[in-house]
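The block underneath contains the structure these notes are about, expressed in C-alpha cells.
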C-alpha cells in the first residue's frame, strides 16, 4: 500500500485531526473572549460535516471484505507488516456515527460554552479529538491500537468531565471517572498481555487463527484474559458491576460533555466489544454469551430501579443510559448465526445505537436549553415547560417516548430488533426482563413529562432556546421520527455494516 | 535463558495483585494512581517476557510496552491535573470524602 | 579497554578472558566512583576560585600550599570534621538518602562517557539517551532533599529545582536530537567517530542551546535559583551540613564535569585530536589529555559566565526555556532534518556547509522574530504606562 | 554457562525483591511520599528485568519516562497537595480486608493459570539471539507502527493541553503554572 493510498483511506481521521488542530491554533491567535472566537464553533462544525462527506466518498473503496490499513515505508518489513485498523463497513458506520455525535453535541453546546466555559478553543478541540478516538477504536483490529485508542478516548473524557474547574461536582466526577477508568484499563491491558502471550500476535484475526488452530493448549489462559478484557470494556460502556463512575461523572460534567459521554464512549466500547469477541474469540462464544447475558439482565434492572429515585434530570438520564446499555447488550448476546434472517442481533445493536444517538442527544439538548435558562437541571426546573417553550416540551416528550420504546419512534425500532433477536434465539427470559424493564422505566420518564405538562412553574415567562439548540433538537426529533416511519434505509445500513462480522462468525 | 517463563509471569502476577490491592484499599486518589502504575508495570513485564520467550524475532511485545509507557505518561499527566484541580476546590483528594453526589 | 583486556590475558595466562574483563571493569568503576570525584572536586574548585578571583580582580586562594593549590584539601577536612546535623522533624531515611542519590546520579553519567579512545564504561546503543534518563535521578534527589528537610526554604528550593530541571531538559534533548540526527547514532563512540569536523563548527546553535541549558541543568549562575542565597537561603540543601553537604557538593562538581564532558563528546569531537587513537598506549593517553583539555575549556566558559552574568528571575528563567530555547530547538531540528535530506548533498563537504547554513539561518530568523516580538510588547507596555489607547 | 545462569538467577532474585518489596511498600506505606519513593524502587526493579530480558532500550525508556517523568510528576503532585499528609491520617479504607481477599484470590487464579498453561515458546535457536538493534525499533515505530505512533502523539497533545487547562493556576503567575504541567 503506497502512502497516497493510505492517506486516502485515513482521510476521515485526517480531516478530524486537522480540524482540531486548526481550532487549537486559531484559538491561540484570537484573544480569549474576542468576537472572532465564535467562529471556532463554526470551524468545528464544518470539519464534522466534511467528515461525513469524506466518509461517504471513501465508502465505495472498501469492497466486500473490507480493507486492512497497514503502513510500511519503502523498506520491506517482511512478516512484520502489521495491519492496525480496518476500513470495513463497521468502521465506516462508526465514522458516520461519530460525525453525527459531533455535529449534534457541537450544535447543542454553543450557548452553554459561551456562558460557562473558560477555554473554548481547547474545549472544542478536545471534543473533536474525542470523536477521533471513537473512530479509531471502532476501526482498530490490533490489540495495541485498541488499547491506545480506548485510552485516548478515556483520557479525553476525563479531561472534559473535569472541565468546569470552578465547579466542585465537575472536578469530583472527573476524579472518580479517572480513578475507576484508569484501573479498568490497566486490568484490560493485563488481559491483552495474556492474549498476546497465548497467541504471540496482537492481530485480532491472527489471535483467532491461533486459538482455533488448536495447536496450542492455552485455552485455560483465555478465561482470565476474557474476564479482564470484559472488565475494561464494561467500564467504558458502564455495564453494571462497573458502572459506579457513570452517575457522578455524568452529573458533574458540563452538560454537552455529558451528552457526548453518554453516547460516544458507549458506542466505541460496543464497537470494540463486537470486533474483539467476534473476530478474536469466536471459539469461546458459549462462555462470553453466558457472562454477557447475566450482565445484561443486571444492568437493565439496576439502572432502571435506581433511576426511579432521581431528582436531577442529568443523573436520571445517566441511570437511564446505563439501562439502555443493558438493552443493547441483548443484541450482542442474541446474535444469530444465520445471516439471512431479518435480525442478526448485531444489526439490532447498531440500530439501537443509532436510535439512542438521536434520542439521547436530543434529550440532552433539551436539558441544556433548560439549564441555560434556569441554571439547574433539577426536575422542577422543567416545571411548566409546555407553557414556557412548547417546542422543547413536545420534542422532549418525543425523546422520552423513544427512550421508553413506544412507536412511532426510533427507540421502538431498536427495541423491536433487539428483543426480536432474543426471541428468535429462544432467549425468552432476556426478552421478558427487557420488556418488564421498559415498563418500569415508564415511571421515571413520566415524572419528567408530568413536570413539563402539569408542573407549576414559579417563573412562567416563555424563553428562547437559541438557534444552535433549536437546530440540534429539531434534527434529532426529525431523525427519531424518520427512523420509525421510514426505517428501511436505516435497517439496510445497519445490516450491511455488520454483514462482514456476522459472516466471519 | 536460565529463568523459565512462568517465573516472570508469576512475578508479574504478584505485582499486578499488589497494585490492585493498592487501588482497592487506598483512600487517597494519588495513592490509587500509584497502584495503577504498578498494575501497568505488571502488564509490561508480561509483555516483555512474552516477547522474549514467544516471539523474540518480531518486535511486537517491545513496541507494545513502549506504547504503554507513553500512554501511562499521558494518563498520569491528565489524572494528576484532575486531582490537583479537585484539591484546589475541596482541599481533599480522599476518594470517599468526595461525596457531594450520592446515588 | 579491549586492548587492556587483551594485554592482561596475554601477560597473565591463567586469567580467562571473562575474568580479565571483570577485573578491568571493576577497576574502572572503582576509579570512577572513588578516585575521579576527589580529583575533580579538588581540581575544579581550585580552578573556579582562581578564575572567579581573576574576574573579580582578586588573588583567590593563596595560603594553603604554593599558590594555594591545597585549598581544596583544607576545605575537605573542614567539611568532614563539621558536626553532622539532622533536623529533629526531618524524615530521617529520606534525608540521609538524598545526598547519596545526588552523587550517584552524577557518577552514573560517567559510565557512558568516552574519556579516551576505547575507554568507556558501557558503550550502550542508547548511550546518549541513558545520559538524559539518568539526569532524572538528580531531580528525584532534589525533591527528596527538599521534602524531607521540613523547611520551607528547602521545599521552595525543591519546587524551583524541579521546575527548572524539567524545563531545561527539553532543550537539551532537542540539541542532542540534532547531534543524533547528524551522527546517525545514539551510541557515544559512534557520535565521536562521526565528528570528522567537530559538530560545534557545523551546529553552533545546537551547541549554544546545549551549553546554556546544561548550565541551567546543573544550577549554576546565572541560573542558580535553586540555591539563591538572598531568596531561599540555600535551596533544597539548606538543612544539610558536614558530610551530607559534602556529598551534594561532590555531586555538583561531578555533574559539572559530566555535563562538560558530554558537551565535549557531542560537539567538540570528544577525545579526537592529532595522533590520538585506540591503537597505541600513547594514542590513548593523548586522547585522554585532549578530552580533559576540551572539557576544562567548556568548564572554564561556564565559570566565565558565572563570573560575568547576574542571576535572573524565576519567571524569566522558565520563560526563557519554554518560549525561546524550546521553539528554537524545535525549529532547528526541522531545518537540520531538511538540510540532511537535501538531494544535492552527497559529499560530506557540502553536507557540513548545508548544516552550518541551516543553523545560522535558524538562529537569525529566531533572533529577528524575538526582537520584533519584544519591540511590540515593549511598545505596548510603554503605551499602557503612558495611558494612550 | 553455569556461572552465567547463576548470575542471571541471582540478579532475578535481587530484582524481584526490589520490585515486589517496593510494590508492597507502595501499597502499605502510611506516608504517601515514601510510597512514591518506593514506587521508584519498584520501577527500577522492573527496569532491571528489562535488561535481563535483553530489552535494553526499553530499560532506558523506563528510566527516562517512568522514573524521570511520571514519578517526578507524582512526587510533585504529592508535595502540592501535602496538606493531606498530616501524620496519623488513615490511608486505608474500611474495605481493605475485602480487597486483600479479592486480590489474593485473583493472584492464586493467575498463578495457577500461568503454571498450568503450556506456552508456545519459540525454538531454542530463536531464543538465543533476539538482539534487536535500536535502529530496528526506530524503523518499526515509523514503519509498521506508524499509525499508532501518530495517534499517541495526538494523545500526548490532548493530555498536555487538557492538563494545562485544568491545573493552571489563575492569577499573575502564568510561568509557574506552565512549569507545573510542563511534563
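Structure above, values below:
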quantity: Neighbour-count order for D:96, B:51, fewest beta carbons within 10 angstrom listed first; calculated: D:96, B:51
quantity: Cβ neighbours within 10 Å from other chains - mean over C:161-173; calculated: 3
quantity: Helix-only CD estimate at 222 nm, as mean residue ellipticity for chain B, using -39500 (n - 2.57) per DSSP H run (n ≥ 4); calculated: -26500 deg cm²/dmol
quantity: Peptides ranked, highest mean first, by Cβ atoms within 10 Å: ranges C:283-295, C:154-166; calculated: C:154-166, C:283-295
quantity: Least to most buried among D:4, A:496, A:122 (fewest other Cβ within 10 Å first); calculated: D:4, A:496, A:122
quantity: Shape call, the range D:1-86: gyration tensor on alpha carbons, a/c limit 1.5; calculated: oblate
quantity: Helix axis angle, A:467-485 relative to chain A longest principal axis, alpha carbon, degrees; calculated: 60 degrees
quantity: Proxy reagent accessibility, fewest Cβ within 10 Å first, across D:65, D:121, C:218; calculated: D:121, D:65, C:218
quantity: Sequence-separation-based contact order of the range D:1-86, relative, with Cα cut under 8 Å and 6+ spacing, percent; calculated: 27 percent
quantity: If the convex hull is drawn through the Cα atoms of the protein assembly as shown, its volume per residue in Å³; calculated: 189 Å³
quantity: Top of C:247, C:320, C:95 by mean-square fluctuation, Gaussian network on chain C, Cα under 10 Å; calculated: C:320
quantity: The range A:114-176 versus the range C:268-291: alpha-carbon centroid distance in Å; calculated: 56 Å
quantity: Protection-proxy order for peptides A:286-293, C:5-12, B:38-45, A:196-203, each taking the mean of Cβ atoms within 10 Å per residue, highest first; calculated: B:38-45, A:196-203, A:286-293, C:5-12
quantity: Shielding by partners - mean other protein chain Cβ count within 10 Å, residues of C:308-318; calculated: 2
quantity: For the range B:13-74 and the range C:303-343, distance of Cα centres in Å; calculated: 36 Å
quantity: Cα centroid of the range A:386-437 to Cα centroid of the range C:112-181, whole Å; calculated: 60 Å
quantity: Theoretical ellipticity at 222 nm over chain A - DSSP helices of four or more residues, -39500 (n - 2.57) apiece, nearest 500; calculated: -25000 deg cm²/dmol
quantity: Peptide C:122-129, shielding by other chains (average Cβ, 10 Å cutoff); calculated: 4
quantity: MRE, 222 nm, helices only [DSSP H, n ≥ 4, -39500 (n - 2.57), over chain C, to nearest 500]; calculated: -23500 deg cm²/dmol
quantity: For chain A: relative contact order, % (alpha-carbon pairs under 8 angstrom, 6 or more apart); calculated: 15 percent
quantity: For q = 0.10, 0.14 Å⁻¹, Debye-computed log10 I/I(0) when each Cα of chain C counts as one equal scatterer; calculated: -0.74, -1.31
quantity: Angle in degrees between helix B:60-90 and the longest Cα principal axis of chain B, rounded to the nearest 10; calculated: 10 degrees
quantity: Angle between chain B longest axis and helix B:5-25 axis [Cα atoms, degrees, rounded to 10]; calculated: 0 degrees
quantity: Residue A:443-residue A:478 FRET efficiency (beta carbon distance; Förster radius 25 Å; 0.05 resolution); calculated: 0.35
quantity: Relative contact order (percent, whole number), the range C:83-312, Cα cutoff 8 Å, 6+ residue spacing; calculated: 28 percent
quantity: For the range C:83-312, the Rg and Dmax computed from alpha carbons only, in angstrom; calculated: 18.3, 58
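A short reminder: the numbers here are calculations on the coordinates, not readings from a lab. Source: prediction; values computed, not measured. Please note: Cβ atoms are built from the backbone with ideal geometry, for glycine as well, and neighbour counts cover all protein chains shown.
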